[in-house]
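Structure first, then comments.
The values are calculated or read from the model by the stated rules, or taken from the named source; none is laboratory data. Remember, it's a predicted structure, so these values are computed and weren't measured experimentally. Every residue, glycine as well, gets a Cβ built from its backbone with ideal geometry; the counts of neighbours run over all protein chains shown.
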Amino acid sequence: MIAIVIILSILFVFFVLLCLPVGASIQYREQFSVDLLYAGMHFRLGKKKKEKPVAEKQESDEPPVPEKKEKKDNFLMQYYRRHGLADSLEKGKELFQQILKKVGRFIKKIKIRHLRFSLSVATEDAAQTAVTYGQICSVVYPLYAFLKQQLNCKEQQFDISADFESVKSSVFFAADITAKPITLILTALAVLKIVLSFKREIKNQEDAN
């Protein structure tokens, strides 16, 4: 009997913790930074590492250390390298729409105090920048209009611009959200299931061609 009471008590505490709201401040500019506030505790994820000074190379008889292998691109980036920007944007749009349709009920439970997204499109050629900018806008803005209907957001800023003076595109994203852990977990699981299914679908299509 005592064992049952202990187990039920643990489950109850676990359930309460899952229902306590989590506050998160998310920011992306070249790398992610996340500040979490949960049950009165503060956590910081993605803190920038301090760069160590480069030491002068010294001659040594020791064998050279093998270089680390580069990280493998995700399946969307691999698709982009094989099929180009236009097809990749359409595939990304299709995936995003599937995600919103499946997790829309969870997204509405996530309170967003502030949302900001800024994309500056740039390439080495001005004409190509204009073409790329047009392709991105034709896909992203309709998705954003659909996303606005799903979001529980007080303030949002969304901007895509063409930068003819730079040679590299830049992205900035920031959001302040509040949600229950159980909502975030269910949302993450649903998104993961959709992404894995979509990945298999793309692989099967390419294997058939």
query: Of all residues in the range 108-143 being assigned to a loop (DSSP other than H, G, I, E, B) and of a type in the set (D, E, K, R), which is nearest to Ser166 (Cα to Cα)?
result: Glu124
message: Quick check on Glu70: is it among the acidic types (Asp, Glu) and either at pLDDT below 80 or in a helix (DSSP H, G or I) (or both)?
response: yes
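Quick grid of which residues meet (1) under 16 Å from the mean Cα position of the chain (by Cα); (2) part of a strand (DSSP E or B):
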residue	(1), (2)
Asp159	no, yes
Ser166	no, no
Phe173	yes, yes
Leu189	yes, no
Leu192	yes, no
Val195	yes, no
Phe198	no, no
Asp207	no, no
query: Regarding Val5, is this residue over 30 Å from Leu119 (Cβ atoms) and at pLDDT below 80?
result: no
Single residue of the range 142-165 satisfying the filter (surrounded by fewer than 14 Cβ atoms within 10 Å (Cβ to Cβ) and among the acidic types (Asp, Glu)) that is nearest to Ala122 (Cα to Cα): Glu165
message: Taking the criterion of being modelled with pLDDT of 80 or more, surrounded by 13 or more Cβ atoms within 10 Å (Cβ to Cβ), touching a strand residue (DSSP E or B) at 6+ places or on another chain (Cβ under 6 Å) and closer than 30 Å to Asp163 by Cα, would at least one residue in the range 30-40 satisfy it?
response: yes
- prompt: Does Ile10 fit the bill of being exposed (fewer than 11 other Cβ atoms within 10 Å of the Cβ) and modelled with pLDDT of 85 or more?
  reply: yes
message: Can you confirm whether Ser88 is within 29 Å of Asp176 (Cβ to Cβ) and surrounded by 15 or more Cβ atoms within 10 Å (Cβ to Cβ)?
response: no
task: Give Val139, Val121, Val131 a once-over and let me know the one that is surrounded by 13 or more Cβ atoms within 10 Å (Cβ to Cβ) and in contact with a Gly (Cβ under 9 Å, 6 or more places away or on another chain).
output: Val139
- prompt: Are any of the residues in the range 52-66 assigned to a loop (DSSP other than H, G, I, E, B), polar (S, T, N, Q) and at pLDDT below 55?
  reply: yes
message: of a type outside the set (Ser, Thr, Tyr) and either loosely packed, with under 12 Cβ neighbours inside 10 Å or in contact with a Phe, Trp or Tyr (Cβ under 8 Å, 6 or more places away or on another chain) (or both): which single residue out of Val171, Val191, Val195 fits that description?
response: Val171
task: Select from the range 119-158 the residues that are closer than 17 Å to Ala174 by Cβ and of a type in the set (Phe, Trp, Tyr) and list them in ascending order.
output: Tyr144, Phe158
